[in-house]
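The values are calculated or read from the model by the stated rules, or taken from the named source; none is laboratory data. Note that the coordinates shown come from a computational prediction; the quantities given were computed from them, not determined experimentally. Positions of Cβ are backbone-derived with ideal geometry, glycine not excepted, and every protein chain shown enters the neighbour counts.
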Amino acid sequence: MREVVDERDINKNHPLGVQWLFRAALLLLTVLLITLGILISWGFTMIQMPGESYRGELPPLTQKEVALRDALQRDVEKLGSEIGERNYLHYKELMAAADFLDASFAQAGYKVQRQGYTIDNQTYYNLEVEIPGTQRADEIVIVGGHYDSVSGSPGANDNGTGAAATLELARLFAGKKPERTLRFVEFVNEEPPFFFSEGMGSLVYASRCKQRSENVVAMLSLETIGYYSDKIGSQRYPLPQLSSIYPLQGNFISFIGNVDSGSLVRDAIASFRRHTQFPSEGTALPNEITGVSWSDQWSFWQQGYPGIMVTDTAPFRYPYYHTANDTPDKVNYDRLARVVAGLEYAITDLSGLASPP
């Protein structure tokens, strides 16, 4: 007669008990190995980037980069010195910045679209220019940066550099014919008290894109991109573990996305590295990690669009972040020009253009 054993009566000394415990242990080990494999795969995918960051001495600026450097410096000085602090508390200056950017776009041959919205009897404007796509016009690539500054700061690096880079890139692409539709947008009200709120300019803009069922396939947020240092220890990170993975010198440009935007991070940095002799690092991390969502790409994530931040890492490197000392003289214009020149190639590839000369 076959012995019938209730599992509740099995103990470790019973032959069936030993077999049951072995199977349970094997199952647990299998689950742990699968979980570990997923974590390793995730970490490799999110941190490992295509290509290699440039190492060594930077080559001399090309003639094109020299012209780009001079134009960037003029624009940053206009925003961060002549106009200065520009935000809801300095509304006149904020409008002066909008008018300057609007006129500059128009001088480059663009028709500027102003997206206005009102908060507490003050009207704020996102500024958009567009190059329609030739073959995949329904696929939209957006390059943008915010032009407001935080209260108490002239905002030369944060984010005069991002706003100026958006303008200069628009000038570089004027008259080109990309396969995908290409937009350059100057966003308002990224800084507090509008940050992460319905009054944030980029969220107003991204929400409109969603309402119109627009197919935004890539969004690049240019955020605080002008400060660099070769000093060991000049670069910090929100997680201590990242210091063992990434450089301790703040001399690189960073491409940062959330997990859902990992493919865009890899595509953008791969193109940058193929064409640009300048240090670069990239990562795609969970939104919850400090700093990952700290710019206008966050607004596009809220609408389900892929977006990345291109940045010098701001408070993790820049000693004058959100202070009255964030002035134009703190910006390294030679390195800023190299970054913007590299971004021209990345945007060229993302938008489906032939490579620039």
Meets criteria (within 16 Å of residue 49 (Cα to Cα) and buried (at least 23 other Cβ atoms within 10 Å of the Cβ)) for residue 254 = yes
Within segment 181-189, is even one residue at negative phi and in a helix (DSSP H, G or I)?
-> no
First in segment 244-273 and farther than 11 Å from residue 306 by Cα, second anywhere and among the acidic types (Asp, Glu) and in a helix (DSSP H, G or I), Cβ under 7 Å, 6 or more apart = 271/349
Filtering segment 65-80 down to residues that are in contact with a Pro (Cβ under 6 Å, 6 or more places away or on another chain) and closer than 17 Å to residue 98 by Cβ, which residue is surrounded by the fewest Cβ atoms within 10 Å (Cβ to Cβ)?
-> 76
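Residues are listed down the side, and each one gets a yes or a no for (1) aromatic (Phe, Trp, Tyr); (2) surrounded by 18 or more Cβ atoms within 10 Å (Cβ to Cβ):
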position	(1), (2)
159	no, yes
173	yes, yes
179	no, no
218	no, yes
232	no, no
Check whether at least one residue in segment 237-244 is surrounded by 14 or more Cβ atoms within 10 Å (Cβ to Cβ) and modelled with pLDDT of 95 or more, and report yes or no.
-> yes
Taking segment 327-353 and keeping residues closer than 24 Å to residue 262 by Cα and in a loop (DSSP other than H, G, I, E, B) leaves 352, 353
Close pairs from segment 76-94: first not assigned by TED's automatic domain parsing to the domain that holds residue 191, partner surrounded by 19 or more Cβ atoms within 10 Å (Cβ to Cβ), Cβ under 8 Å, at least 6 apart = none
